[in-house]
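Colleague: Encoded as structure tokens, here's the structure I'll be asking about.
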Amino acid sequence: MNATETLKKMREQMMMQRYRRRSIDAYTHYAAQFIDHLRICDTTSTREDRVISYLTKLAVEDQVSASTQKVALCAIKYLYESVLRFDLGDISKFTRSRRVKRLPEVFSRKEAWAALDLLEGDGWIWGALMYGCGLRLMEVYQLRVKDIDLDRQQLTVKDGKGGKDRILPLPEMLSAPIEKHLRNLRRSFDDFSGRSVKVSLPCALARKYPSAPGEWRWFWLFPASGPARDPKWGGLLHHVHPTAIQKRIVRAIKGAGITKKAGCHTFRHSFATHWLENADGSHEVALLRLQKLLGHADPSTTMLYLHLIKQNTDVPSPLDVRPVAA
């Protein structure tokens, strides 16, 4: 089996196992890179030595981050153990990239609103969902009409990171804009329905529910401007492209004069930090609640935001206590 066939088999197998498209793309990318690396390896070296040399190259020569090296390791393990059916052996001796612990950038409340004030229409709703609900970029553009419940003032995140669903409270300030957005969206839906344009559905849902792609409840909350032109996408209507959201958000951040290295995810970090600052009671209870809102599997990930909340202390800084001249 040559490299092309191996990578094709790897992609197909990951698709059957319901891996996310981004994960499939990342795994096949590093698997292809590893296969290219094998061509320059000593033919007498063992399988373990070849893997170790590739992972060490990533850390030493390419100077990739620890998380990138970990993705490459997982890709190689999947390639050998799940596709080629080989035992990978002991590869623990590779040089590991140093994990640098950095705190994420967070907007002040004034900065967050300054950026939101420069957004209009869909752009404002995108930013408000990230800052008001803590949604990831992916969770914003994957929303459908059925995920919004204005009567109960909540939204449902379907198939979020890790394939998990969660229900979030919808901020009161978002109710009226989303209600107006849905009215306008209904006209778009009627127009596409009149042209027999249907929306894309995940996995095999379109086969299980043949009428679903043409139903209002399955319509994208933020659809693309038109159906896909590429024949391989079947002329279906997909959601707005993530880069369209990213560009408008970044443009607003720069327009607000914010000098921090910030983007869409900064709104999510700011939501978590400001939510913790507003929460009553002990931090332990608040962190458990925040963990559910953010959809974190590991509570230690949520605990990071304790370092970002504004610290209140009754002990003044030495700089603020200047001795009185005699």
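Colleague: For the subset of the stretch 71-85 comprising residues that are closer than 12 Å to Ala26 by Cβ and among the small types (Gly, Ala, Ser), which member is surrounded by the most Cβ atoms within 10 Å (Cβ to Cβ)?
Modeller: Taking the candidates together, the pick is Ala72.
Colleague: A follow-up question, please. With respect to Thr301, is the statement that it is among the hydroxyl-bearing types (Ser, Thr, Tyr), at pLDDT below 90 and not in a helix (DSSP H, G or I) true?
Modeller: Values: among the hydroxyl-bearing types (Ser, Thr, Tyr): yes; at pLDDT below 90: yes; not in a helix (DSSP H, G or I): no.
Answer is no for this residue.
Colleague: Residues that are surrounded by 15 or more Cβ atoms within 10 Å (Cβ to Cβ) and modelled with pLDDT of 95 or more, at least 1 per element: which helices (runs of 4 or more DSSP H) completely within the stretch 122-211 meet that? Please lay out each step first, then the result.
Modeller: Working: elements: 122-133, 137-141, 172-194, 205-208.
Where helices (runs of 4 or more DSSP H) fall fully within the stretch 122-211 and carry at least 1 residues being surrounded by 15 or more Cβ atoms within 10 Å (Cβ to Cβ) and modelled with pLDDT of 95 or more, they are 122-133, 137-141, 172-194.
Colleague: Let me confirm something: among Thr4, Thr44, which residue is farther than 19 Å from Glu81 by Cα and of a type outside the set (Lys, Arg)?
Modeller: Working: Thr4 fails: farther than 19 Å from Glu81 by Cα.
Just a single option satisfies the conditions, and that option is Thr44.
Colleague: Of all residues in the stretch 93-116, count the ones that are more than 21 Å from the chain's Cα centre (by Cα) and buried (at least 17 other Cβ atoms within 10 Å of the Cβ).
Modeller: The initial filter retains those residues of the stretch 93-116 that are more than 21 Å from the chain's Cα centre (by Cα), namely 93-98, 108-111, 113-114.
Then drop every residue that is not buried (at least 17 other Cβ atoms within 10 Å of the Cβ), which leaves 94, 97, 111, 114.
The number of residues fulfilling the criteria is 4.
Colleague: If you check every pair at least six apart or on different chains, which have Cβ atoms under 9 Å apart with a residue in the stretch 114-136 that is in contact (Cβ under 8 Å) with a residue 60 or more places away in the chain first and a residue that is of a type in the set (D, E, K, R) and not in a helix (DSSP H, G or I) second?
Modeller: Close Cβ pairs (under 9 Å, with a partner that is of a type in the set (D, E, K, R) and not in a helix (DSSP H, G or I)) amount to Met130/Arg136.
Colleague: OK, next. Say whether the condition of being of a type in the set (A, V, I, L, M) and either farther than 23 Å from Ser23 by Cβ or touching a residue at least 60 places away in the same chain (Cβ under 8 Å) (or both) is met by at least one residue in the stretch 212-221.
Modeller: Going residue by residue through the stretch 212-221, those that are of a type in the set (A, V, I, L, M) are 212, 221.
From the residues that got through so far, the ones that are either farther than 23 Å from Ser23 by Cβ or touching a residue at least 60 places away in the same chain (Cβ under 8 Å) (or both) too are 212, 221.
Among the residues of the stretch 212-221, at least one is of a type in the set (A, V, I, L, M) and either farther than 23 Å from Ser23 by Cβ or touching a residue at least 60 places away in the same chain (Cβ under 8 Å) (or both), which makes the answer yes.
Colleague: Being farther than 26 Å from Val106 by Cβ, at pLDDT 90 or above and part of a helix (DSSP H, G or I), is that true of even one residue in the stretch 218-228?
Modeller: Taking every residue of the stretch 218-228 in turn, at least one turns out to be farther than 26 Å from Val106 by Cβ, at pLDDT 90 or above and part of a helix (DSSP H, G or I).
Colleague: Follow-up. For the stretch 186-226, which positions are basic (Lys, Arg) and more than 16 Å from Leu143 (Cβ to Cβ)?
Modeller: Arg187, Arg195, Lys198, Arg207, Lys208
Colleague: Using the structure shown, decide if Ile249 is in the same structural domain as Arg144 (by TED's automatic domain parsing) and in contact with a Cys (Cβ under 9 Å, 6 or more places away or on another chain). Steps first, answer last, please.
Modeller: Working: in the same structural domain as Arg144 (by TED's automatic domain parsing): yes; in contact with a Cys (Cβ under 9 Å, 6 or more places away or on another chain): yes.
Considered against the rule, which asks whether it is in the same structural domain as Arg144 (by TED's automatic domain parsing) and in contact with a Cys (Cβ under 9 Å, 6 or more places away or on another chain), Ile249 comes out as yes.
Colleague: Considering only the stretch 135-169, how many residues are of a type in the set (Asp, Glu) and either touching a Leu at 6+ places or on another chain (Cβ under 9 Å) or on the phi > 0 side of the Ramachandran plot (or both)?
Modeller: So the count comes out to 4.
Colleague: Residue under question is Lys247, and the condition is that it be more than 23 Å from Pro169 (Cα to Cα), at pLDDT 95 or above and either surrounded by fewer than 17 Cβ atoms within 10 Å (Cβ to Cβ) or of a type outside the set (Val, Ile, Thr) (or both); does it hold? Don't jump to the end; show me each part of the working.
Modeller: Details: more than 23 Å from Pro169 (Cα to Cα): yes; at pLDDT 95 or above: yes; either surrounded by fewer than 17 Cβ atoms within 10 Å (Cβ to Cβ) or of a type outside the set (Val, Ile, Thr) (or both): yes.
Yes: the conditions hold for Lys247.
Colleague: Shifting gears a bit: Being without any contact (Cβ under 8 Å) to a residue 24 or more places away in the chain and surrounded by 15 or more Cβ atoms within 10 Å (Cβ to Cβ) is the filter; apply it to the stretch 285-302 and report the residue that is nearest to the chain's Cα centre (by Cα).
Modeller: As a first pass, look at the stretch 285-302 and keep what is without any contact (Cβ under 8 Å) to a residue 24 or more places away in the chain: 285-291, 296, 298-301.
Then drop every residue that is not surrounded by 15 or more Cβ atoms within 10 Å (Cβ to Cβ), which leaves 286-287, 290-291, 296.
Values: Ala286: 23, Leu287: 21, Leu290: 17, Gln291: 16, His296: 12 Å.
The selected residue is His296.
Colleague: Next question, about the same structure. Could you list, in sequence order, the residues of the stretch 250-274 that are surrounded by 19 or more Cβ atoms within 10 Å (Cβ to Cβ) and in a helix (DSSP H, G or I)?
Modeller: Result: Ala252, Ile253, Cys264, Thr266, Phe267, Arg268, His269, Ser270, Phe271, Ala272, Thr273, His274.
The values are calculated or read from the model by the stated rules, or taken from the named source; none is laboratory data. Bear in mind the structure is a predicted one, so any value in this text is a computation, not a measurement. Neighbour counts are summed over all protein chains in view; Cβ atoms, including those assigned to glycine, are modelled from backbone coordinates with ideal geometry.
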